[in-house]
Amino acid sequence: MDEIRLDKIPIPIINYVYLIKDRQSPYYDIVQFLLKDMEFRLANAQKNGQSEITYTINPRILIEEIELLVQEEKAKEKLTACNICRTIRAACLTLSLEGKLKKGDFYVSTTSGGRPNYHLKINLRTVNAFRLI
């Protein structure tokens, strides 16, 4: 994450890149949780003979799952859907700019209510890219 071109990242997201890089809770915890969940789902898919799956992240559901892992009260207060969305975007945008994620590996869709859902194509390359964060 040291070779990031800051002029390619939107200003609100830059702060989240640094928070992840500095391993600040809960932002780094979010990325680590996603990595472990991706590894688990990829292992299950590989048992069924698949080498790639699409992983969907719903930030509102993710809040409930991560709340149990975060120990500090101050960090729990920062677990909002907006912060989770920005953390996911920061991690994926950083990996894309570093050339570790290809163009179609990450995309955003919206629910009927206008809330975002994030989709990642999970394979060994994407899992290894998230390990390097």
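Residues of the stretch 111-133 being more than 15 Å from the chain's Cα centre (by Cα) and under 18 Å from Thr87 (Cβ atoms), which ones? Of everything in the stretch 111-133, just one residue is more than 15 Å from the chain's Cα centre (by Cα) and under 18 Å from Thr87 (Cβ atoms), namely Arg115.
Testing Asp22 on (1) closer than 18 Å to Thr87 by Cα; (2) of a type outside the set (Ser, Thr, Tyr); (3) at pLDDT 90 or above; (4) in contact with a helix residue (DSSP H, G or I) (Cβ under 7 Å, 6 or more places away or on another chain), one condition comes back false. Which one is that? Here Asp22 meets the rest and fails (4). On inspection, Leu62 does not qualify as free of Cβ contacts under 8 Å to residues at least 60 places away in the same chain and touching an Asp or Glu at 6+ places or on another chain (Cβ under 7 Å). Could you look through the stretch 87-96, keep only residues that are more than 20 Å from Ile63 (Cβ to Cβ) and touching a helix residue (DSSP H, G or I) at 6+ places or on another chain (Cβ under 7 Å), and pick out the one that is surrounded by the most Cβ atoms within 10 Å (Cβ to Cβ)? Ranking the qualifying residues of the stretch 87-96, first place goes to Thr94. Only residues that are in contact with a Ser or Thr (Cβ under 9 Å, 6 or more places away or on another chain) and of a type in the set (S, T, N, Q) were counted across the stretch 40-84, and they come to 3.
Counting only residues that are surrounded by fewer than 17 Cβ atoms within 10 Å (Cβ to Cβ) and either on the phi > 0 side of the Ramachandran plot or out of contact with any Pro (no Cβ under 7 Å at 6 or more places or on another chain) (or both), the stretch 97-113 holds 10 of them.
Tell me which of these Ile4 doesn't satisfy, since it passes every other one: (1) modelled with pLDDT under 90; (2) part of a helix (DSSP H, G or I); (3) not polar (S, T, N, Q). The failed condition is (2). When you look at Ile9, is it farther than 19 Å from Lys121 by Cα and within 16 Å of the chain's Cα centre (by Cα), yes or no? So Ile9 fits the description; yes.
Considering only residues in the stretch 40-57 that are touching a residue at least 60 places away in the same chain (Cβ under 8 Å) and surrounded by 14 or more Cβ atoms within 10 Å (Cβ to Cβ), the one that is farthest from Tyr118 (Cα to Cα) turns out to be Ala45. In a residue-by-residue description of the stretch 108-116, the property of being farther than 21 Å from Gln32 by Cβ, at pLDDT 90 or above and among the aliphatic types (A, V, I, L, M) applies to at least one position. Residue pairs whose Cβ atoms lie under 6 Å apart, separated by 6 or more positions or on different chains, with the first residue in the stretch 88-109 and in contact (Cβ under 8 Å) with a residue 60 or more places away in the chain and the second of a type in the set (D, E, K, R) and part of a helix (DSSP H, G or I), are Leu97/Lys8.
The values are calculated or read from the model by the stated rules, or taken from the named source; none is laboratory data. Here the structure is a predicted model, which means the values were calculated and not measured. Every residue, glycine as well, gets a Cβ built from its backbone with ideal geometry; the counts of neighbours run over all protein chains shown.
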